Amino acid sequence: QRCVVLRFLKSPPNQNKTSEEILQHLQNIVDFGKHVMKQFFGENYVHHGEIIQLPLDFVRQLCLKIQPERPESRCDKDMDTLSGYAMCLPNLTRLQTHRFVEHRPILCIEIKPKCGFIPFSSHVSQEIKHKVCRYCMHQHLKVANGKWKRPSKYCPLDLFSGNKQRMHFALKSLLQEAQNNLKIFKNGELIYGCKDEQEGVSDWNELARHLKPFFFPSNGLVSGPHCTRTIVKELIHVITMTLLSSTDACRAGDMKTVPVSQGRSYCEASAFNKELVRNGKHKLESSGLPRGCLLYKTLQAQMLDMLDIEGLYPLYSRVEQYLEEFPEERSTLQIDGPYNEAFYEKLLDLSAEDDGTVAFALTKVQQYRIAMTAKDCSIMIALSPCLQDECSEQRPVVLTSKSRFTFSVSVLDLDLKPYESIPHQYKLDGKIVNYYLKNVQAKDDPVMSSLFKENEDCTLVLHKV
């Protein structure tokens, strides 16, 4: 009746933690959401949940019941059935404006937007990283490793551009190749999106059948491809409008982070950008995001990664070296928590001058972990149709050609990325870039294509033969 979600810790089979450790881990997740991420994203967007204790018998029965439903790729970890502790969270596939289940259809779109900017750090060693975004490069490696059948045309920079045309293109690309970056739920049930890593074949007609009652309730639309296209267009319009809406104020909105203009506002590998170049248009309009919207706040948190992993790794090594000498300092440095106000305050130091201290290195490492968390979060948009006279002043509303929706936008997957994962990130970054340079750019970029780049002076060098 309360429409809540229970979240249990999972761990590899041989790693049994004590009940106290599990409780501490869950407490850290709640505190991090409450004291840190709420400051970045705002009160209305972050639901940190609470810890509850359940009868062990209930937990064991639950575990047996859900085991067959778990995707194969997730079964390398076991659900914690020994401690009885779990997190209780609101079900974000429902509207967050009411405590109890509403008896009306609800549509929910989950988007994992990924990293929305191109590194601007001077520590970047490969020029390609200043031109092509991480997501677009990583796609090629994932396809080569067999994780996906084909690369997606989605580019996060298009979604974060604030330009409606680019945002529509990005969302359409996500709908075509959802991978694990887009899911759609109807009344809490998954109706669209990748159920397992290999498939990802999207059936728009099936999706349109589900969506038609939401967007064209009176059934006055002919069926067929025209109908499907129209419905998908309406869906993309609604997602764009809700992503650009602002329903919250928070401290981080006033935070002096890095101006977006420092990096490039487009990615050379983006299909949208390539299309423009093909049509002889070179000016990419970037309208910028409204300051209050969730995408803007997400981008601001992501841009705490000011040094790129290449600039950060030496600082991580400095902290590691210090910890080897003084292991007892680990808790003083708050590497594993507690994630309280004091932890948040330290993150606000955006100075770029390295004074050689451990304190400077640690601040940058913690900021990087926040940025990584923001690069991997999910945005949930819940929509419910409402009649003209029902839409009260308090509720945000978005209009389409034939219907109107009240909506709520939330952000989830906000667990702090582990300190220990930094070496892995460093290696992965090298792998992604090297694969792209060797297998993609080398093919795309024979001598001729570089000669015709717009507005570049070309010098012809003659050698004696």
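Bear in mind these aren't lab numbers, they're just calculated from the coordinates by the rules spelled out. Computed from a predicted structure; not experimentally measured. Backbone-built Cβ (ideal geometry, glycine too); neighbour counts: all protein chains shown.
Across q = 0.25, 0.26 Å⁻¹, the range 1-90 modelled as identical point scatterers on its alpha-carbon atoms has Debye log10 I(q)/I(0) values of -1.29, -1.33, in the order of the q list.
Which net charge results for the neighbourhood of LEU312, defined as the other residues with beta-carbon distances under 13 angstrom from its beta-carbon, given Lys and Arg at +1 and Asp and Glu at -1?
Neighbour charge sum, excluding LEU312 itself: -2.
For the range 32-56 versus the range 67-93, the inter-centroid distance based on Cα atoms is 18 Å. Packing, taken as the mean count of other beta carbons within 10 Å per residue, orders the peptides 157-163, 430-436 from highest to lowest as 157-163, 430-436. Label sites at SER317 and LEU387, each approximated as a point 7 angstrom past Cα along Cα to Cβ, lie 6.8 nm apart.
Just subtract the alpha-carbon distance of ILE191 and GLN334 from 0.36 nm times their residue separation and send over the number in nm, one decimal. My answer for the length gained is 47.3 nm. Extending 7 Å from the Cα toward the beta-carbon at both GLN53 and SER421 defines two label points whose distance is 3.0 nm. Protection proxy ranking of 364-372, 334-342, by the mean of other Cβ atoms within 10 Å over each peptide's residues and highest first, is 364-372, 334-342.
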